[in-house]
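J.: Have a look at this one before I ask anything.
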Amino acid sequence: VDYYFCNEFNYDLQKNIWSIEMKESKLQTKVEVNDVPDMTVAYIRHIGPYKGDEALFGRLFGQLFKWAGARGLIRFPETKTLTVYHDNPEITDDDKLRISVCISVPPDTQVDGEIGKMVIPGGKCAFARFEIDPKDYGEAWDMVYGGWFPESGYVPDDRPCYELYLNDPN
């Protein structure tokens, strides 16, 4: 991971919100730490390289939404869409990287075939919000892990990291 250093790092104690602006970057974000509940998700897993492969993500999400739509599981705005990253791409060989594209589902949802189900454990989570292009995803992750975490006093635990999508990626 490339470590970036902050031009600006402000903390609002009352709201538990950090504001970060990184040197040599156009990205800025606010990081909030909040408690979240467990989240049950249905997923399709991919093993192998994924960086910059928009077609791969489109295909995987297309399959997942086709499956979920046929079962009446897409209920926006309640339905959450996310990608779980199971491995650190800095230390895992590309052909062994695992990601899961997911949607939130009721806990009693039945899955089959290539669709799996898992619970993403709740607890204290750091949320950094970005409006970025696909080419900027790596820089956003570096900003959080290389900039925010070292300055915040928090340490990542063993729960999976994920991107929660709030709108159409296009």
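J.: Given 113, 88, 132, which one lies farthest toward the positive end of the charge dipole of segment 68-170, if we put +1 on the Cβ of every Lys and Arg and -1 on the Cβ of every Asp and Glu?
T.: The Cα lying farthest towards the positive end belongs to 113.
J.: Sequence-distant or interchain residues sharing an amide H contact under 5 Å with residue 80, placed H: which?
T.: It is 104, by chain and number.
J.: How many Å² of accessible area per residue for segment 52-170, probe 1.4 Å? Can you show the working numbers first?
T.: Values: 7160 Å² over 119 residues.
On a per-residue basis, 60 Å².
J.: Another question, then. Quickly work out the residue 70-to-residue 32 label distance, labels modelled 7 Å from Cα along the C-beta direction, and quote it in nm with one decimal.
T.: Reported label-point gap for residue 32 and residue 70 is 3.7 nm.
J.: Taking residue 30 as the anchor, which lysines have their alpha carbon closer than 29 Å to its alpha carbon, excluding any fewer than eight residues away along the same chain?
T.: Answer for residue 30, where 29 Å is the Cα cut-off: 15, 51, 80, 124, 135, listed by chain and number.
The values are calculated or read from the model by the stated rules, or taken from the named source; none is laboratory data. This structure is a prediction, so every number in the text was calculated from the model and none was measured. Quick reminder, even Gly has a Cβ in these numbers, built from the backbone with ideal geometry, and neighbours come from all protein chains shown. Heavy atoms of the whole protein, side chains included, go into the accessibility calculation; ligands, DNA and RNA do not. Shrake-Rupley method; radii C 1.70, N 1.55, O 1.52, S 1.80 Å.
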